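Undergrad: One structure coming up, written as C-alpha cells, with questions to follow.
Read the figures in this text as sums done on the coordinates, not as results from a lab. Keep in mind that this is a model prediction, so the values were computed, not measured. Cβ placement follows ideal geometry from the backbone for every residue including glycine, while neighbour counts extend to all protein chains displayed.
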Ligand SMILES: [Zn+2]
C-alpha cells in the first residue's frame with residue numbers, strides 16, 4: 001500500500017509540474033529605464049544573481065552604475081544583474097513587479113522589467129487613462145493595450161525587450177498606481193485581444209481624435225484595413241479637444257533646422273491639403289531660403305509631439321510669432337480614448353466601442369494562464 005500511494009503521489013505530482021511549466025503566464029519585457037547613469041534598487045526579500053547566474057550578496061539598497069562594459073553594484077563588478085522579490089521591487093523608489101534585469105547599454109544603464117502581461121496591464125491603465133472612467137472604457141483600454149503588447153512581443157521577439165515604457169509604445173510607470181478598478185478592467189477582459197483574419201492586430205490608439213480618426217497610411221505609410229479612420233464626434237465635448245499656442249518664429253526655425261530643414265528667416269507657413277480626417281498632409285515654410293515643403297507628421301515631430309498636439313491645425317503668422325489653433329491630441333490612429341470614454345458613458349459596452357474604432361476586427365481570447 002505504501003508503494004502504491006508513493007506511485008500515485010508521483011503520478012499526481014509529475015503532471016502538475018509539467019502543466020505548471022506549460023501554463024506559465026504570458027510575460028512581457030518592458031524597458032523601464034534607458035540611458036540612466038545610476039540606478040537604486042531595493043525591496044523586501046530581494047534575490048539577486050549576476051550575469052553568470054551566480055547568487056549575489058550585497059547590502060541594500062543597491063547603487064548600480066555602469067562600469068566599463070559591465071556594472072558596478074555597490075562597488076562590486078558584475079556583467080549584469082537580475083533581481084526578483086516576492087511582491088515588488090523598488091527602482092529609484094518606484095515599485096515594479098516581476099523580474100528586473102539591469103544591463104549595461106551603449107549609453108548608461110538599461111533596466112528591463114519582465115512581468116506577467118496581465119500585471120503589466122493593471123499598472124498601465126492609470127498611465128494611459130484614468131481607472132475612474134466608466135468601466136467599459138477601462139475594459140476597452142485593457143483589450144487594446146493587451147493586443148498592442150502581444151503584437152509587439154511577436155514582432156520584437158529577438159530584441160532585448162518588447163516595449164518601451166513611454167508614448168513610443170505604451171506608457172508604463174510600475175505598480176504604484178494600480179488600483180481595484182484597473183484590476184477589474186483587466187480581469188473582466190482577461191486574455192482578450194482584437195484579431196483581424198485570425199492575427200492579433202496592431203491596436204494603435206491615441207488620446208483624442210478631434211472629430212475623425214486617421215488612416216494609418218497617412219501617419220506611417222502603411223495601410224491596414226482596420227485602421228482606415230472613422231468619424232468620432234464623441235470626443236468633441238472633452239476638455240482637451242481644442243488647443244492653441246504661439247511660437248516665436250526664431251524658435252520654430254531653430255527647431256526645424258535642428259531636424260535638418262534648411263529654413264532661414266521664416267516669413268510664412270502655408271497649410272497644404274488635408275486628409276479625409278481633416279488633418280494636414282503637409283505645409284510649406286516660406287523663408288528667405290525659398291519654399292520648403294514638410295509633411296505635417298514630420299513638422300509635429302520636429303516641433304514636439306506635446307507642443308503641436310495633432311496635425312489637425314491652422315496656422316497664421318502675426319508679427320514674429322506663429323499662432324496655431326488645432327483639434328485633437330495624438331496621431332489619431334485607432335481608438336480615440338476620450339471618444340471611448342464618452343461612448344461608455346452613453347451606455348455602449350467595450351465590445352461595441354472596440355468594433356467601432358477597429359472595424360472588421362474580432363474579439364478573441366488568448367491563453368494567459
Ligand atoms: Zn475622437
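Undergrad: Please list 287-293, 145-151, 163-169, 108-114 highest first by mean number of surrounding beta-carbon atoms within 10 Å per residue.
TA: Descending packing order for the listed peptides: 145-151, 108-114, 163-169, 287-293.
Undergrad: What are the semi-axes of the equivalent ellipsoid for segment 246-310, taken as the square roots of 5 times the Cα gyration tensor eigenvalues, largest first, in whole Å?
TA: Numbers: eigenvalues 70, 39, 19 Å².
Value: 19, 14, 10 Å, ordered largest first.
Undergrad: Also: Angle between the Cα long axis of helix 249-258 and the longest principal axis of the chain, 0 to 90 degrees, nearest 10?
TA: 50 degrees
Undergrad: What angle do you read, to the nearest 10 degrees and between 0 and 90, between the alpha-carbon axis of helix 135-155 and the longest principal axis of the chain?
TA: With both axes taken from Cα atoms, the answer is about 80 degrees.
Undergrad: Hey, another quick one. When the label point is put 7 Å from the Cα of residue 274 along its Cα-to-beta-carbon vector, which residues of segment 196-218 have a backbone N closer than 20 Å?
TA: Only 207-218 pass the distance filter.
Undergrad: Related question: R0 = 35 Å: FRET efficiency of residue 79 with residue 301, Cβ-based, nearest 0.05?
TA: So the FRET efficiency works out to roughly 0.45.
Undergrad: Please state the Cα pair-distance histogram of segment 40-175 with 10 angstrom bins from zero: what percent is in each bin?
TA: Final binned percentages: 12, 39, 32, 14, 3, 0.
Undergrad: What number results when the radius of gyration of the chain, computed over Cα atoms, is divided by 2.2 N^0.38 Å?
TA: So the Cα radius of gyration is 1.18 times the expected 2.2 N^0.38 Å.
Undergrad: Helix-only mean residue ellipticity at 222 nm, the chain, DSSP H runs n ≥ 4 weighted -39,500 (n - 2.57), per residue, nearest 500. What is it?
TA: Roughly -8500 deg cm²/dmol at 222 nm, from the helical runs in the chain.
Undergrad: A further question on this structure: With all pairs of different alpha carbon atoms counted, what Kirkwood hydrodynamic radius in Å does segment 159-257 show?
TA: On the way: mean 1/r = 0.0569 Å⁻¹.
Radius from the Kirkwood sum: 17.6 Å.
Undergrad: Mind pulling the angle between the C-alpha long axis of helix 117-128 and the longest principal axis of the chain? Nearest 10 degrees, somewhere in 0 to 90.
TA: 30 degrees
Undergrad: Hey, any idea what the orientation-averaged projected area of the convex hull of segment 245-369's Cα atoms comes to, in nm²?
TA: Result: 10.7 nm².
Undergrad: Further, regarding this structure: Under a plain spin-label model, where a point goes 7 Å from the Cα along Cα-to-Cβ, how far apart in nm are residue 321 and residue 164?
TA: About 3.1 nm, to one decimal.
Undergrad: Counting just the Cα atoms, what span does segment 27-116 cover along each of its three principal axes? Round to the nearest Å and put the largest first.
TA: 32, 25, 24
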